[in-house]
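Each remark here refers to the structure printed beneath this line.
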Amino acid sequence: MAGYTAKFDTVTEAVMVSAGELVVEVADRAGIEIHQPCGGQGRCGRCAVRIESGRVRRRSVLRLSQADLDAGYALACQTVVEGDVSIVVPPPERIQRRLTTDHIAPESVVPEGYDPEKAQTVRRVLLSLSPPSMDDQTDDWGRVAMALRRATGVDRLEASLEQIWHLGGILRSSDWQIAVTFVAGGTEGETARLIRVQPATEAENEPLCGLAIDIGTTTVTIWLVDLTTGRVLHQASEYNQQITRGEDVISRIIYGSKGAGGDDLRALVLETINGLVEAACRRTGIDHRAIAKATIGGNSTMMHLLLGVPPESIRLEPFVTAINNWPLLRAEEVGIAMHADGVVDALPGVASYVGADITAGVLAAGLRSTPDTTLFIDVGTNGEIVLGSSEWLVTCACSAGPAFEGAGILHGMRADKGAIEEVWIDGNTYEPTCRVIGNVPPRGICGSGLISLVAEMFVTGIVDKGGHINLTLETPRVRRSVKGAEYVVAWADEAETDQDIVITRVDIDNLLRAKAAIYAGFNVLADVVSVGLESVQKVLIGGSFGKYINVEKAVGIGLLPDLPWERFDYLGNTSVRGAYLALLDREARAEIARIAASMIYIELSADNTFYEAFTSAMFLPHTDLSRFPSVAAAMTNEG
Amino acid sequence: MALSGIQIYKMLPQTNCKECGFATCLAFAMKLAAKQAELDGCPYVTEESKAALAESATPPIRLVTLKGKAGEAKAGNEVVLFRHEKTFYNRPGVFIRVLDTEDDEVIENKVRTGSSYSVDYVGMELRIDGFAVEAASGDRTRLATVVEALRASTGLPLILVGSDPAVLSGGLDKLEGEAPLIMGADTSNWEAMADLAAGRGAALGIRGGSIEELAQLSEKIKEKGVEDLVLYPAVDSMSASLALNTQIRRLALKNFRPLGYPTIAFAAASGDQGRESLMAAQAICKYAGFVVIDTFAPELIYPLLVLRENIFTDPQKPIQVLPALYEINSPGRSDPVLVTTNFSITYFSVANEVEGAGLPAWLLVTDAEGMSVLTAWAAGKFDAESIAKAVKQFGVADKVDQKWIVLPGHTAVLSGELEEELPDWVIKVGPREAVDLPGYMRQVLN
Amino acid sequence: MPVEIPKDSWPGSVNTVTLGATGDQGGSRTSTVTIGGEQSLPFMHFENPTPHRPVIAMEVAAARPADWSAVLLEAWGSTLDDPAVWARACEDAGADLIVLQFGLKGSDDGPVSAEFAVEVVKEVMDSTGLPLVVLGPGQAEIDNSILVPIADATKGERIVLGLCEEGNYRTIVAAAMANDHLVLGKTPMDVNLAKQLNILMTDMGLPLDRIVMDPTTGALGYGIEYGYSVMERLRLAALQGDAMTQLPMLVTPGVETWKTKESKVGAGIPDEWGEWAERGVNWETLTAVALIEAGADVVVLRHPQSLVRVRAAIAELTASETA
């Protein structure tokens, strides 16, 4: 029997090792507890340690990247000591690092080379006017217009009556030193529209701002943007208050088509938006009148409801919208808490169920800039899918329900502080380990958390392939309540809410339906255009279900196709990102219009194909396991 | 074979010139594939592509139309081996056979009852399509007399059965301006039969005991200018008939033109009605274009016509159950009325949950065109009005004393309007998922 | 003109399943029934012979059926009062299998009980040597309460137990595994749901050669086309090599057709429907034969005349002829 010694960085005494011992066992004798959320099965990758020197044999490296291996990392539960070794145990927070399969949404960055002079339709210029005199009796308005023409080339200027009421006062109180904010197309000699005239001194301390807004069926997101630098000053999201009037677009349309329902829904979404805008202004110390422009993405129904257009025709055959290409609107008539004369740019949609959220998303995802076949999946209450390349784009929509945004789930919540966003379950004890956003006691489960939780429940046999919870398991976490079978993710004493956080059979069904709709959607779309999914070079995922998506687990439950992990990119909320790009750059805005014009919409309900694909996907991971070779292989290993 | 949008796209110029009226060549190709656009719309398509696309548009099985004095029977134009692959298009014509050796009165009676027969099946009037007259007498004059008499009582399309062209021409004399089927040509008489068919504008049936024989004859007859052909695989047993019909359909779908014609089946079987019915049923399911039976009996004709209707239903439409008031676990006058749509899976999941829990209930299934509750509701096919209509249509109020009606949870919003539509009823909102129904029924409804 | 006949050569085949066990095999049946094994679509003898002909099961109710059509009551007469006598009569009439159907009622109109169920099964097994399919009333709790004791009391007989459905499969599968029985899985007219149940059952360790599936079909006029196409698709998938569809199929034209108005009702119906009893038999036989040609391995019938006709049709279809 060979005897080796093992030295750990945090313990002075070396310990003896017998042949065949695992690093975790040796560490345990050295008095170091290495946390193993998956129960030592090499699944979660959370017990990584660094082998500083010495010989070890790694039985499984599934959870380690090449860079990890090069740095000497090994999974303590899967690694046999085969020589004298020296081991570094990373501190717990290091273990919490993201895995190679975690795809995190990128931060917002200002587009390279952003030049407001060229790109921006809304501009602010400082004008120093010569005061009127008996020699120069030009009227106030003419004086401003002429100065503006000299400074910018703008030929004709329009304004609201209200602007003119206040013009004289501002000119005189500012001592003829003013800042003029206006919107113009940008070509020489065209008409501009006045947004604001203010004293120059006031403008010096105040950035010219814009809003990028995404109105989701479930979640509303705003970005407050400095139009001069392009920087995002603040990001915020909140559940759409319309939710209380129905969870999906259809409920909203029906509610909005009756009596004062439309007015009610309009008021609710405005309240949501304006609440977010006011909070953003407070946080950044910006006067809402400094916001001169808002660019809005959102599905067709949300756009109709925000702008007070009756949406009824969207849901009835032949499914047409009232309008896909909106004219530029004035802020006051829209009702957004910004400068009353600011402009609101509602982005164009394609069809009833493919709206501006997706055209903006396609822009943000950069689909038209690559010749490679790319699949873009916007995971939301309405799942929207685009397949294509710079040559062609086809799109479809499917109703997934709000599960991915945490709504319609007993203990679901948005991806906010207190949301469980990742779960590992010990395959022997069925005990879960959760990662919670903000490292606080959990309040609920967000979309990423649900995906992770159900994937783990499946791998550990807590649910079968049909999503049925196995009540015969020996653990108090699996139980039957009035709502049916459920699994306890966190006990009341661990939770912020002082009640058990559970996932129920109905929740699992909802998630299965949601993932099946999305999976069926992109499969049918690919079939219609005869593109094999394996030939898809890039899969871009948008949506606001979490800060990240664990691709392996999303594949594990059959939400995403079983492709190499590196082909996936998580883009987060692409609708607001696209709105942001369009807010900054007139060329990006024109590109969205081109995208809307070139996308071909495929109606999924035309025949049985979608339904077939859907029921086939209503299984973990899928009725046809051969579509998920990596999951099949993992299941064989778990054996 | 029909081409997919992408396959067509590859034959187009791919310049996105928009002259066809669509934004991109792909959009145009998709429309072409869906037969919602014409290839002429593209000014730049090559002759080569045109030819390839035309070829793909030619149906592999020729459409043959029999015309009578009133009415016609179509067969052919089929494109699949299994109905789920697309659909079966032309319902096989059901023809009743009479022999010219039968008494005039017998024939007259059979033809009159047969041609006036009509049965209602879910709102559709089902009828037979025509008659086959067999020249069993071998007498040209007799056949002519029988055909003439028959034309006095029916205008439906006819099939004249016999092997002697001279005899059959006697019958054809009485069918000026029609397109009957002459049944038929075989290796011994095909030339004369082809001449006869060509001269009279009739379709010609070809009788053969094997694939080779049929293919050979059809080629030769086609060369003589007769193109409306019908194949009769003349074999006796159900198994041989199934095999031959399947082989013909398979070869036809592979664009083997000599067999690209509809087939005919004779189900008559020496007075064994049980066997006759099953032969005819097989012919309907497995590829016959025309089915000839001897027995005219409503208890046989009705199920055969229903089978034909069922098999030729478009399978791309959602699977539906009949809108009705269904009884689950023998409900009584105080049991609740649950409402759902006629999408089969929806119906099954609701019925199974309640049935499995042993709870008695009335299940009212509305006509939502086979959509699930959510889809139907979204499309405006499941609303207060349609529910109230179903309540009245199926006399639900007469079945219960306690008027409780339970809406699917997803459509809670309908309850207000439904109260207006059904003022005598208590409207309850049930759970969203069928799986929660038993619990709800035990807790809330008791 | 030489024509090459296109022959399909399939990579997959249907599982061969044997129902019942004789004395030598650990049971008490005088004969067993083997179904499945198809390597081609139904009756394509020019490709492959039909290894096992489709079989006919006759349905016998454990307690006198209260809601059966008068046509059936008349055809069977007093045999309906005793399931053992009834089963014997089915065997004599040429049935291959007996489907013993339990309802909610037991003896003397009381609720069905485990004792009653076990006793009826034993009586039926004493009176007939045919293999058995035993079905509960279709309510999960009651099904479990009678099927488990029946399974225990008949260990080794290779009875087919049912119905296994997605919500309750665990108990019945476990009982079948523990006692060398088979199970019948039933799913509502959907290819995917059928596959899913088969996956769940085999995931528990039940071997595929001990499962028969009922994909559910409607009667003629009441959705036969859906079941028909689901069966054709399942069979095509099986031949293409999809293991979870390679199960022999059992369907129930008897149950489905005799509850239709056409078969059940004799009075107040249109003249165009024709004579009642013959119509009822046509309704049952047309449904059965259409489904047999779609791939059914077992058809469960009710009327003795249907048994005769469908049997003749099966004989004709399986007679190996060179076309």
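Checking every residue in the stretch A:277-289 against the condition of being farther than 16 Å from residue A:236 by Cβ and in contact (Cβ under 8 Å) with a residue 12 or more places away in the chain gives at least one match.
Yes or no: residue C:142 closer than 22 Å to residue B:351 by Cβ and more than 17 Å from the chain's Cα centre (by Cα)? Considered against the rule, which asks whether it is closer than 22 Å to residue B:351 by Cβ and more than 17 Å from the chain's Cα centre (by Cα), residue C:142 comes out as yes. Once the stretch A:428-444 is narrowed to residues that are of a type outside the set (Ser, Thr, Tyr) and not in a loop (DSSP other than H, G, I, E, B), the residue that is surrounded by the fewest Cβ atoms within 10 Å (Cβ to Cβ) is A:435.
Determine whether residue B:361 is over 19 Å from residue B:315 (Cβ atoms), buried (at least 23 other Cβ atoms within 10 Å of the Cβ), within 11 Å of another protein chain (Cβ to nearest Cβ) and in contact with a strand residue (DSSP E or B) (Cβ under 6 Å, 6 or more places away or on another chain). The answer is no for residue B:361. Among the residues of the stretch A:155-168, the ones that are free of Cβ contacts under 8 Å to residues at least 60 places away in the same chain, closer than 13 Å to residue A:144 by Cβ and in a helix (DSSP H, G or I) come to 4 in all.
Enumerate the strands (runs of 3 or more DSSP E) found wholly within the stretch B:105-162, keeping only those where 3 or more residues are within 14 Å of chain C (Cβ to nearest Cβ). Spell out the reasoning first.
Details: elements: B:119-121, B:124-126, B:130-134, B:158-161.
Of the strands (runs of 3 or more DSSP E) lying wholly inside the stretch B:105-162, those with at least 3 residues that are within 14 Å of chain C (Cβ to nearest Cβ) span B:119-121, B:124-126.
Anything in the stretch C:196-252 that is within 20 Å of residue C:39 (Cβ to Cβ), among the polar types (S, T, N, Q) and in a loop (DSSP other than H, G, I, E, B)? List them, or say none. Scanning the stretch C:196-252 gives C:240, C:246.
Rundown of residues vs (1) farther than 14 Å from residue B:354 by Cβ; (2) crowded, with 17+ Cβ neighbours inside 10 Å; (3) touching a Pro at 6+ places or on another chain (Cβ under 8 Å), yes/no style:
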| site | (1), (2), (3) |
| --- | --- |
| B:402 | yes, no, yes |
| B:413 | yes, yes, no |
| B:416 | yes, no, no |
| B:425 | yes, yes, no |
| B:429 | yes, yes, no |
| B:441 | no, yes, yes |
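Run down C:11, C:51 and say which single residue is away from chain B (no Cβ under 14 Å), closer than 26 Å to residue C:156 by Cα and part of a loop (DSSP other than H, G, I, E, B). Residue meeting the stated conditions: C:51. Might you check whether a residue that is under 20 Å from residue C:310 (Cα atoms), facing chain C (nearest Cβ under 9 Å) and under 18 Å from the mean Cα position of the chain (by Cα) occurs anywhere in the stretch B:259-273? No, the stretch B:259-273 has no match at all.
Here's the yes/no breakdown for (1) within 14 Å of another protein chain (Cβ to nearest Cβ); (2) surrounded by 24 or more Cβ atoms within 10 Å (Cβ to Cβ):
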{"residue": "A:477", "(1), (2)": "no, no"}
{"residue": "A:481", "(1), (2)": "yes, no"}
{"residue": "A:485", "(1), (2)": "yes, no"}
{"residue": "A:491", "(1), (2)": "no, no"}
{"residue": "A:494", "(1), (2)": "no, no"}
{"residue": "A:498", "(1), (2)": "no, no"}
{"residue": "A:504", "(1), (2)": "yes, no"}
{"residue": "A:514", "(1), (2)": "yes, yes"}
{"residue": "A:521", "(1), (2)": "no, yes"}
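When each of A:486, A:421, A:456, A:496 is tested for being out of contact with any His (no Cβ under 9 Å at 6 or more places or on another chain), closer than 23 Å to residue B:431 by Cα and of a type in the set (Asp, Glu), the lone residue that passes is A:486.
Residues of the stretch C:14-31 that are out of contact with any Lys or Arg (no Cβ under 7 Å at 6 or more places or on another chain), assigned to a loop (DSSP other than H, G, I, E, B) and either of a type in the set (Asp, Glu) or buried (at least 17 other Cβ atoms within 10 Å of the Cβ) (or both): C:14, C:15. Scanning the stretch C:264-309 for residues that are among the polar types (S, T, N, Q) and either touching a residue at least 12 places away in the same chain (Cβ under 8 Å) or more than 10 Å from chain B (Cβ to nearest Cβ) (or both) gives C:285, C:287, C:305, C:306. In the stretch B:319-339, of all residues being facing chain C (nearest Cβ under 10 Å) and within 22 Å of the chain's Cα centre (by Cα), the one that is modelled with the highest pLDDT corresponds to B:322.
For the stretch A:116-133, the set of residues classified as without any contact (Cβ under 8 Å) to a residue 40 or more places away in the chain and surrounded by 13 or more Cβ atoms within 10 Å (Cβ to Cβ) consists of A:132 only. If you check residue A:545 against the conditions, is it crowded, with 24+ Cβ neighbours inside 10 Å, within 22 Å of the chain's Cα centre (by Cα) and assigned to a loop (DSSP other than H, G, I, E, B)? The answer is yes for residue A:545.
Filter the stretch C:206-221 down to residues that are under 13 Å from residue B:306 (Cβ atoms) and more than 7 Å from chain B (Cβ to nearest Cβ) and give me whichever is surrounded by the most Cβ atoms within 10 Å (Cβ to Cβ). So, considering only residues that are under 13 Å from residue B:306 (Cβ atoms) and more than 7 Å from chain B (Cβ to nearest Cβ), the one surrounded by the most Cβ atoms within 10 Å (Cβ to Cβ) is C:219.
In the set (1) closer than 26 Å to residue A:226 by Cβ; (2) surrounded by fewer than 20 Cβ atoms within 10 Å (Cβ to Cβ), the condition left unmet by residue A:276 is number (2). Out of A:220, A:180, I need the residue that is without any contact (Cβ under 8 Å) to a residue 60 or more places away in the chain, in a strand (DSSP E or B) and out of contact with any Ser or Thr (no Cβ under 8 Å at 6 or more places or on another chain). Which one? Residue meeting the stated conditions: A:180.
Condition check ((1) more than 37 Å from the chain's Cα centre (by Cα); (2) part of a loop (DSSP other than H, G, I, E, B)) across all residues:
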{"position": "A:26", "(1), (2)": "yes, no"}
{"position": "A:49", "(1), (2)": "no, no"}
{"position": "A:77", "(1), (2)": "no, no"}
{"position": "A:80", "(1), (2)": "yes, no"}
{"position": "A:90", "(1), (2)": "no, yes"}
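Would you be able to say whether some residue in the stretch A:329-336 is out of contact with any helix residue (DSSP H, G or I) (no Cβ under 6 Å at 6 or more places or on another chain), assigned to a strand (DSSP E or B) and not assigned by TED's automatic domain parsing to the domain that holds residue A:596? There is at least one residue in the stretch A:329-336 that is out of contact with any helix residue (DSSP H, G or I) (no Cβ under 6 Å at 6 or more places or on another chain), assigned to a strand (DSSP E or B) and not assigned by TED's automatic domain parsing to the domain that holds residue A:596.
The values are calculated or read from the model by the stated rules, or taken from the named source; none is laboratory data. The structure presented is a predicted model; accordingly, all values stated were derived computationally and were not measured. Positions of Cβ are backbone-derived with ideal geometry, glycine not excepted, and every protein chain shown enters the neighbour counts.
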